[in-house]
Structure formats: C-alpha cells, structure tokens
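A quick write-up on the structure given underneath.
Just so you know, all these numbers are worked out from the coordinates, no wet-lab data involved. Given the structure is predicted, the values throughout are model-derived calculations rather than measurements. Here the Cβ is made from the backbone with ideal geometry for all residues, glycine too, and neighbour counts use every protein chain on show.
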Amino acid sequence: MCVPEIPESVNSMYATFRAAFRGENTDEDIIKVKILSNNVSNMEDCFTLTQKRVEISINNNTTTYNTVNSQIDNWNSLNVYNNVYLEGEKIIDIACWGDSLTGGTGGNGTSYVSILKENFVGRLVNPIQMGIGGEKANAIAMRQGGLKTYVESFTIPNDTIPVEIVLKDEYGNLVDTLAIEETTSLNPCYIEGIKGSIYNSNGTIYFKRSTSGQEKTIENNSQIITNSMVKYSKNAEVNIIWSGQNDSGSDFDIQQIINIQKKMIEYSGNDNYIIIGLLYAGDEVNNAMEAEYGEHFLDVRQALSADGSNTVSTDYKSDAVHLNADGYTIVAEQAYNKLISLGYIEE
C-alpha cells in the first residue's frame, strides 16, 4: 500500500490534501498518511468525511503534533472526523452484527450503532455497523463467518456478467440473504479464490466476479469467504449480536438461533460479546437466551416500554417492527451501560 506523505516544506494544510485522506480509490479500510513536516500550524477543513479510518503518522513534540492533537477532540465533538486517529493509538473496535434493527430502519438516518458512537463512547471506541435489513440469523452468521456457507455447483463465466447461485448454510438451510453489492461486511467475497460480489435481485441470489478472467466451474459445496471473514470478524475487540427477529414464525426454533450465535462467538476468537434479546418473541424466548448467556445478555424491552413491562411502546416505534430515533437512542444507552458493566470500555 502506498502511504501518502506530506512534505517537510508544508506549514499549512488548510482545505488541502483531501484526496490523500479520502482513500476513494483503494480497497484498504485504513488510510495511513505520514506528515513529514514538523511545522504544520493549520489543518482546518483538511479532511473530508469518510467511512474509512485515517491514521496520521507524525513526529512527537513538534508544532504539527500539537496542532493535530489539539484538534482531535474538537473533530470528534463536532462528529465530523470521527475516524481520524494518531498512529499507535489503541482503538477498541466493536462489531455490531444484526438485521434492520441494527441497521437503523425507521431511525431517520440514525441507528443504535451510530448513536452509540456519536453520543456515548469516547473517540477511541469504534462501533462498526454490520446490520443488513431482512436477514435471518443464519445469513448474519454467514457474513461474519461463524456459520459456514456453501454454494451449489455453478460456472463462473470469463466476464463480469452476474450468474445465479444457490447458497446453503452448514445445516443445509437456504441462505436468503438480502445483501447488496455495497454491503462491505459481505462483499467483496471469494469463491475458490475468485473475487466478486453476492447480491439479491427480486429474490434471486447472484454472484458477479470483480474482473474478467478464465471461466471456472465451481465444485458443489464450495465455501463462501466473505469480506468480514477476511477483514473484520476476528479483529474486533467486542462483538454485539442482535439476531433472530426475522426467524420468528411458526417454525421458530430459539435453540437453533442460540446455536448459530454461539458459532459466531466461537469464530470471533474472543469472549467479549453482548447478545441483545428479541423485541417481539416473548418472555420464554428471551428467558432462554438469558439462561444461555448470563451477564452477556441484554434485554432492552423494559427500557423501551411505557409502563415497565416487556412490551415495546409505540412511542419508540416507527412501524410494527422497527424503532424510531428515540427508540434506537435507548438501545444505544443500554448497550453502552452493558459495555461498561462488563468492563469492555471505560466510562
């Protein structure tokens, strides 16, 4: 990876060098920038909004260092440059896995993940949005890697024309993911080493290779390797899992949901996790989850009720299923308190 360098002659970076920090033309999730100048005194409007992490390498005990260090807290409080860090700072990544309740549907542009980041945790705590609307527990675990997912035999053409595929999890269940190409926790993914994207179009799942190449027939039960498995799943210090709401129905099996969640925890490689209970599955289901996870379980229903019961108040709902911004704020607060009580972050 080429690391952009700001030359020694520079003493003002006002509204400049934006392309170096934006990183639009790279697949890297962390954009590293090295500032060689010791005398930068102005960095106002230097960065542009980006979802990628920017790490700045500078010399300590210099004007440049003091300029950057003095502005970081202001950047964060303005919620403008949340992803800007000094090289070597310890960042606690919190991967937040789930469906549309994690994604923030109904929240008018907010989610519990974004609210947790902007209103509750400090600059060095980084909640990561891993929610995709409509997904069942097995599809969420597929993206994360805890549940191995396989594709039935098909042929990848030599061009980038999408081709229909059939996905199954290790239990033999069809994976009806609603993921789209822009979903970075799934894509780019890999099938027998060929890079591409999996997406849903009108209920049919497709694979589209990223670049043209040699045609290849994929063997039956070849495993899907997702972007999360490569970059995120084993790197987060904490995992928050909110899955299972889309599995509710006549064939709902809470033990299968728990088994899938436990596979996600095992795959992550650490025991720092929170399981959020289901909003509408009832006490029996949530009691089973609490019995399994103990202090790691978080039941947010009472906080979302109007009378202290376990029924979500319409005051916090945007529709029959999803929460509004006030509801997601309560979930964020509950998650924040749980993170503190488990010792994962400091107050």
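Figures for the structure shown
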| item | result |
| --- | --- |
| Distant-in-sequence amide H partners of residue 42 (H built 1.01 Å from N, under 5 Å) | 13 |
| Surface/4 of the Cα convex hull for region 154-312, nm² | 11.1 nm² |
| Only Lys, Arg (+1) and Asp, Glu (-1) charged, at Cβ; region 70-224 dipole about Cα centre in debye | 140 debye |
| Max mean-square fluctuation residue, GNM over the chain, Cα-Cα springs under 10 Å, options 13, 229, 264 | 13 |
| Gain upon complete extension [residue 158, residue 52; 0.36 nm per residue less C-alpha separation] | 35.0 nm |
| Percentage relative contact order, region 206-347, counting C-alpha pairs under 8 Å, at least six apart | 17 percent |
| Residue-averaged 222 nm ellipticity for the chain, from DSSP H runs of 4+ at -39500 (n - 2.57), nearest 500 | -7000 deg cm²/dmol |
| Under 18 Å from residue 195, Cα to Cα: aspartates and glutamates that are on another chain or at least 8 residues apart | 27, 28, 29, 152, 159, 164, 181, 182, 215, 219 |
| Cβ-derived FRET efficiency at R0 30 Å, residue 270 paired with residue 66, nearest 0.05 | 0.25 |
| Cα-projected label distance for residue 346 with residue 173, points at 7 Å along beta-carbon direction, nm | 4.1 nm |
| Cα centre as origin, Lys/Arg/Asp/Glu Cβ charges: the chain dipole, Debye | 820 debye |
| Cα-projected label distance for residue 234 with residue 108, points at 7 Å along beta-carbon direction, nm | 4.3 nm |
| Relative compactness, region 148-229, computed as alpha-carbon Rg over 2.2 N^0.38 Å | 0.98 |
| Positive-end extreme of charge dipole, the chain - chosen from 92, 224, 62 (charges on Cβ) | 62 |
| Neighbour-count ranking [beta-carbon atoms within 10 angstrom, fewest first] of 97, 242 | 242, 97 |
| Above-threshold pairs, the threshold being 25 Å between Cα atoms, out of 90/263; 52/216; 148/231; 52/317; 117/338 | 90/263; 52/216; 52/317 |
| DSSP-defined antiparallel bridges as percent of all bridges, the chain, nearest 5 | 45 percent |
